[in-house]
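Scroll down for the structure; my scribbles are underneath it.
The values are calculated or read from the model by the stated rules, or taken from the named source; none is laboratory data. The model shown is predicted, which means the values in this text are computed figures rather than measured ones. Positions of Cβ are generated from backbone atoms using ideal geometry, with glycine treated the same way; all protein chains shown enter the neighbour counts.
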Amino acid sequence: MPTLLLTHPDCLLHDMGEGHPERPDRLRAVADALSVSAFNALKREQAPSADLAVIERVHPERYVEAIRAASPKQGLVWLDPDTAMCPKSYDAALRATGAAVYAVDQVMSGKADNAFCAVRPPGHHAERARAMGFCLFNSVAIAAEHARAAHGAERVAVVDFDVHHGNGTQDAFWSDEDLFYGSTHQMPLFPGTGALSETGVGNIFNAPLNPLDGSARFREAFQTRILPALHNFGPDLVLISAGFDAHREDPLAQIQLTEEDFTWVTEELIEMADKHAGGRIVSLLEGGYDLDALARSTAVHVLALMQASS
Ligand SMILES: [Zn+2]
């Protein structure tokens, strides 16, 4: 079974204005990187829009309606100091979440071994009733709930190697022992959550890194904390919040990873998914703000997924 690649043109039309780091060119850089012949074996599909009922498994109806109602006819509306909506942002967010949900459908039903969603806006900072940190809907949390509600998955894990802590995913999973959240991230850094002591009901595994930490500390965090916990949890499905802003060239943080580290962590997660989840992985693009580093890192991540599925 192939690796599925989902994206949608609407995700290019979400534009928070000149100079914003979470910009359409990010997705163009990813698309260019995945357009070369090494990626010919990908099964490429356009992301559908998420159904509101599926989004409302995580976000209250009044929140979803407030986001829709906030959509401007022209110009920008700011939801927080970092997060704006333009006239196409709501549609883009529905496609981003829809990609994640559709990818779960395809992987859980055996039509694809694994999947990568090249979408924006990202989602892991969106809390149940609060947009923040460039995020409107928490696509990865919605995908996890969808896997349970629509496909009978009993235990779903999210592993988040974005350089920022996924406070929204942690918030959504906090009191549910059948959902696992494991994260490496720089501390101190936005959004300020993600301390070792934040453990939910024993289902949250934070592994904060110090500014200037690199490959060794990153891999140690996975080998000593996140991977053993994930092994104990035994997921039916592994979701990845794949942010590539822990790359040494990224302008928003100071972690010093290279592409080799993203290959390594992807292969470790594939091994874990093979052991427990029949190889089922759905990976979603979160951050990554240096265009070249983002393109190279996404390429090695997707190549590893393709090698796992061939
Ligand atoms: Zn990030």
Inset, instruction - State which residue is surrounded by the most Cβ atoms within 10 Å (Cβ to Cβ) when the search covers only region 245-279 and only residues that are closer than 18 Å to Asp25 by Cα and in contact with a helix residue (DSSP H, G or I) (Cβ under 7 Å, 6 or more places away or on another chain). - result: His247
Inset, instruction - Check region 285-297 and report whether any residue there is surrounded by 24 or more Cβ atoms within 10 Å (Cβ to Cβ), away from the ligand (no atom under 16 Å from the Cβ) and modelled with pLDDT of 95 or more. - result: no
Inset, instruction - Please find, among Gly168, Gly98, the residue that is under 23 Å from His8 (Cβ atoms), of a type outside the set (A, V, I, L, M), out of contact with any strand residue (DSSP E or B) (no Cβ under 8 Å at 6 or more places or on another chain) and in contact (Cβ under 8 Å) with a residue 24 or more places away in the chain. - result: Gly98
Inset, instruction - Identify all residues within region 15-50 that are over 18 Å from Gly75 (Cα atoms), assigned to a loop (DSSP other than H, G, I, E, B) and hydrophobic (A, V, I, L, M, F, W, C); write none if there are none. - result: Leu34, Val36, Ala41, Leu42, Ala47, Ala50
Inset, instruction - Kindly establish whether Pro191 is surrounded by fewer than 24 Cβ atoms within 10 Å (Cβ to Cβ) and modelled with pLDDT of 95 or more. - result: yes
Legend entry - Positions within region 146-163 being more than 16 Å from the ligand (Cβ to nearest atom) and touching a residue at least 12 places away in the same chain (Cβ under 8 Å), in sequence order: His146, Ala147, Arg148, Ala149, Ala150, His151, Ala153, Glu154, Arg155, Val156, Ala157
Legend entry - Residues satisfying the stated conditions in region 194-222, i.e. exposed (fewer than 14 other Cβ atoms within 10 Å of the Cβ) and touching a residue at least 12 places away in the same chain (Cβ under 8 Å): Ala195, Leu196, Val201, Gly202, Asn210, Pro211, Leu212
Inset, instruction - Restricting attention to region 164-187, report how many residues are away from the ligand (no atom under 14 Å from the Cβ) and outside any helix (DSSP H, G or I). - result: 9
Inset, instruction - State all residues of region 51-99 that are buried (at least 24 other Cβ atoms within 10 Å of the Cβ) and assigned to a loop (DSSP other than H, G, I, E, B); if no residue qualifies, say none. - result: Val58, His59
Legend entry - Complete set of residues in region 148-188 that are small (Gly, Ala, Ser) and surrounded by fewer than 17 Cβ atoms within 10 Å (Cβ to Cβ): Ala149, Ala150, Gly152, Ser175
Inset, instruction - With the checklist (1) of a type outside the set (Lys, Arg); (2) more than 16 Å from the ligand (Cβ to nearest atom); (3) buried (at least 20 other Cβ atoms within 10 Å of the Cβ); (4) not in a strand (DSSP E or B) in hand, flag the one item Val282 doesn't pass. - result: (4)
Inset, instruction - Sort through Ala66, Ala96, Ala84, Ala131 and tell me the only one that's within 16 Å of the ligand (Cβ to nearest atom) and over 26 Å from Thr266 (Cβ atoms). - result: Ala131
Inset, instruction - Pick out the one residue from Ala53, Ala41, Ala84, Ala103 that is touching a Cys at 6+ places or on another chain (Cβ under 9 Å) and at pLDDT 95 or above. - result: Ala103
Legend entry - From the options Ala253, Ala246, Ala195, residue that is small (Gly, Ala, Ser) and more than 14 Å from the ligand (Cβ to nearest atom): Ala195
Legend entry - Asp236 vs. criteria buried (at least 20 other Cβ atoms within 10 Å of the Cβ) and under 28 Å from Ser37 (Cβ atoms): no
Inset, instruction - Can you run down the residue pairs with Cβ atoms below 9 Å, 6 or more apart or on separate chains, where the first is in region 231-255 and at negative phi and the partner is surrounded by fewer than 22 Cβ atoms within 10 Å (Cβ to Cβ) and in a strand (DSSP E or B)? - result: Ala246/Gln256; His247/Gln256; Arg248/Gly214; Arg248/Gln256; Ile255/Gly214
Legend entry - Which numbered condition Ala304 misses (of (1) surrounded by fewer than 24 Cβ atoms within 10 Å (Cβ to Cβ); (2) under 13 Å from Asp162 (Cα atoms); (3) among the small types (Gly, Ala, Ser)): (2)
